[in-house]
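This report refers to the structure that appears directly beneath it.
Throughout, read-outs are computed from the coordinates displayed, never taken from laboratory work. Here the structure is a predicted model, which is why all the values come from computation and not from measurement. When we count neighbours, we look across all protein chains shown, and the Cβ atoms used for this are built from the backbone with ideal geometry, even at glycine.
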Amino acid sequence: MTMSFGLRDENRDLLNRVAEMIRDDVMPLEEEYQAEIGKGDRWQYTQRQSEILEGLKAKAKAAGLWNFWLTDSDKGFGLTTVEYAYFAEEMGKTPLGAEVFNCSAPDTGNMEVFERYGTEAMKETWLKPLLSGEIRSAYLMTEPDVASSDATNISMSCVRDGEEYVLNGEKWWSSGAGDPRCKVYIVMVKTAGEDRPKHQRQSMIVVAADTPGIEVLRPMEVYGHDDAPHGHMHIRFTDVRVPAENILLGEGRGFEIAQGRLGPGRIHHCMRAIGQAEAALEQMCKRSLQREAFGKKLAQLGANYDIIAECRMEIEMARLLCLKAAWYMDQGDARAAAPWISQIKVVAPRVALKVIDEAVQMFGAQGISQDTPLASAWTHVRTLRLADGPDAVHRRQVARAELRKHTQEKV
């Protein structure tokens, strides 16, 4: 079967328009937006932040540059996953990029869940404003007291009581739950005991963020940063009562939904990470040609030629692997795509981290300061090596797929 990693002609101009808006409109406002964080309440958007963000979103929407993530859908542009990779890479070059075009995590995954598995009422209440970029959402899976990389450990209690479910337990690393615009959670819960097969014990349920009994305990910090006003929150549920119709697909279907949700989300992160690597390489090259030491441009010192060359080659290899994983996703066989998604989930953050770190080195002390976006980019990409499954879990999946080629036994 022939693999195609290209863009259809009608989408090339669309991509160029996105790249142009990111370069000309979004990036010039990035520094001013970041400088507003911490002025007053860190968990509220300042007037200027709102003006910047909502202004850019309105401009993107008016230009028809909106919801690209809706791959293979009549509601979006009908992009393939391969084609979307090029758009996500461009958006990954700036922290504001994904939201400006309504392509942010965790909203994209949550919108897919609502579209695929939600009731008509859920679509009207939650999906519609999410698609319009009017609200944000969060996905609550990870728990502080269990190894959540094995999702069969998820233990938040969810007990049926008449026409309601009652939730008790804690979640953490709930990305986006600190945002004042976050209005809804999709929550992984445990609805059955040991008498059920282990992959039929968990369910997913939709919970309005303002439901009584929900307590945000604290923002989790990433290398000392709280990522306000987005946030990765630690949340406690105490006797939280949710209508029974909010369960998605019925009890015991949580893993089925999770696999449909996490596959695209994992690869979207990787696509954006490649964009971050490209942005870092660009900054590195410009710095190496502008700065002098010992009577020479930095590019001419030490092994900097080799470093720049290695970064370029590794980005190209990572991009090709990402496109191959995307191509497998487009074939519609989730099982065949899974090992390729796991491969790029390990490789893309690893490559991006290396490139960003080399760029930091080229900038010297300035590279680790607030005067460049590199330090923030590094912490974000380092976190990605844990989000949606740590490296070790994905390497295990890759190895198991490889070993199955040589044995009929389960490995």
*asked:* As an exercise, use a Förster radius of 30 Å and the Cβ-Cβ distance of ARG291 and LEU320 to find the FRET efficiency, rounded to the nearest 0.05.
replied: 0.40
*Contour minus end-to-end for LYS405 and LEU301, with contour as 0.36 nm per residue of separation and end-to-end as the Cα-Cα distance?*
32.7 nm
*Once you charge only the Cβ atoms, +1 for Lys and Arg and -1 for Asp and Glu, what is the size of the charge dipole of the chain about its Cα centre, to the nearest 20 debye?*
960 debye
_Please check: in the Gaussian network model of the chain (C-alpha springs, under 10 Å), which one of ALA105, ALA325, ALA208 has the largest mean-square fluctuation._
ALA208
*Would you work out which of PRO106, SER175, GLY92 lies farthest towards the positive end of the dipole of region 87-179? Charges go on Cβ: Lys and Arg +1, Asp and Glu -1.*
GLY92
*With respect to the cross-link table entries LYS57/LYS123; LYS57/LYS171; LYS123/LYS183, which display a Cα-Cα separation exceeding 20 Å?*
LYS57/LYS123; LYS57/LYS171
*Using the Kyte-Doolittle scale, which helices in the chain average at least 0.0 and also have C-alpha atoms spread 27 Å or more along the helix axis, with helices defined as whole DSSP H runs?*
304-330, 334-363
_Candidates GLY224, GLY295, GLY364, ranked by Gaussian network fluctuation over the chain, Cα under 10 Å, top entry_ = GLY295
*Integer Hz, Karplus 6.51/-1.76/1.60 couplings in order for region 191-205, x for Gly and Pro*: 10, 9, x, 5, 6, 9, x, 5, 8, 10, 9, 9, 9, 10, 9
*asked:* With the cut-off at 1.5 for a/c, could you classify region 9-104 from its C-alpha gyration tensor as rounded, prolate or oblate?
replied: prolate
*Using modelled amide H (1.01 Å from N, peptide plane; none on Pro or chain starts), what sits under 5 Å from the amide H of VAL184, excluding residues fewer than 5 places away?*
ALA138, ALA209
*Within the chain, helix-based [θ] at 222 nm, where runs of 4 or more DSSP H residues each add -39,500 (n - 2.57), nearest 500*: -15000 deg cm²/dmol
_Which aspartates and glutamates, if any, have their Cα less than 12 Å from the Cα of LYS198, not counting same-chain residues under 8 positions apart?_
ASP150
*In region 89-185, which GluC sites (Glu not before Pro) are in a loop and have at most 12 other Cβ atoms within 10 Å, using DSSP for the loop call?*
GLU134, GLU163
*In debye to the nearest 20, how big a dipole does region 110-248 give about its Cα centre with +1 on each Lys and Arg Cβ and -1 on each Asp and Glu Cβ?*
180 debye
*Evaluate the charge dipole of region 255-404 about its Cα centre and quote only its size in Debye, nearest 20, assuming +1 on the Cβ of each Lys and Arg and -1 on the Cβ of each Asp and Glu.*
240 debye
*At 7 Å along the Cα-to-beta-carbon direction for both ASP41 and THR119, put a label point, then send me their distance in nm to one decimal.*
3.2 nm
*Percentage relative contact order, region 257-332, counting C-alpha pairs under 8 Å, at least six apart*: 34 percent
*Positive end of the charge dipole of region 165-292 (Lys, Arg +1 and Asp, Glu -1 on Cβ, about the Cα centre): tell me which of GLN290, ALA258, MET204 has its Cα farthest that way.*
GLN290
*All lysines inside 22 Å of LYS39 as judged from Cα atoms, apart from same-chain residues fewer than 8 positions distant*: none
*asked:* Run the reach check for LYS296 against lysines, Cα to Cα strictly under 22 Å, same-chain hits fewer than 8 apart removed. What comes back?
replied: LYS286
*Which residue, GLY118, GLY250, GLY231, tops the fluctuation ranking in a GNM of the chain built on C-alpha contacts under 10 Å?*
GLY250
*If a/c stays under 1.5 just call it rounded; otherwise compare a/b with b/c (prolate if a/b is bigger, oblate if not). Do that for region 137-247, with a ≥ b ≥ c from the square roots of the Cα gyration tensor eigenvalues.*
oblate
*Can you pull the Rg over Rh of region 205-280, Cα-only, Kirkwood?*
1.07
*Label-point separation (nm) for ARG48 and SER157, each offset 7 Å from Cα along Cα-to-Cβ?*
4.9 nm
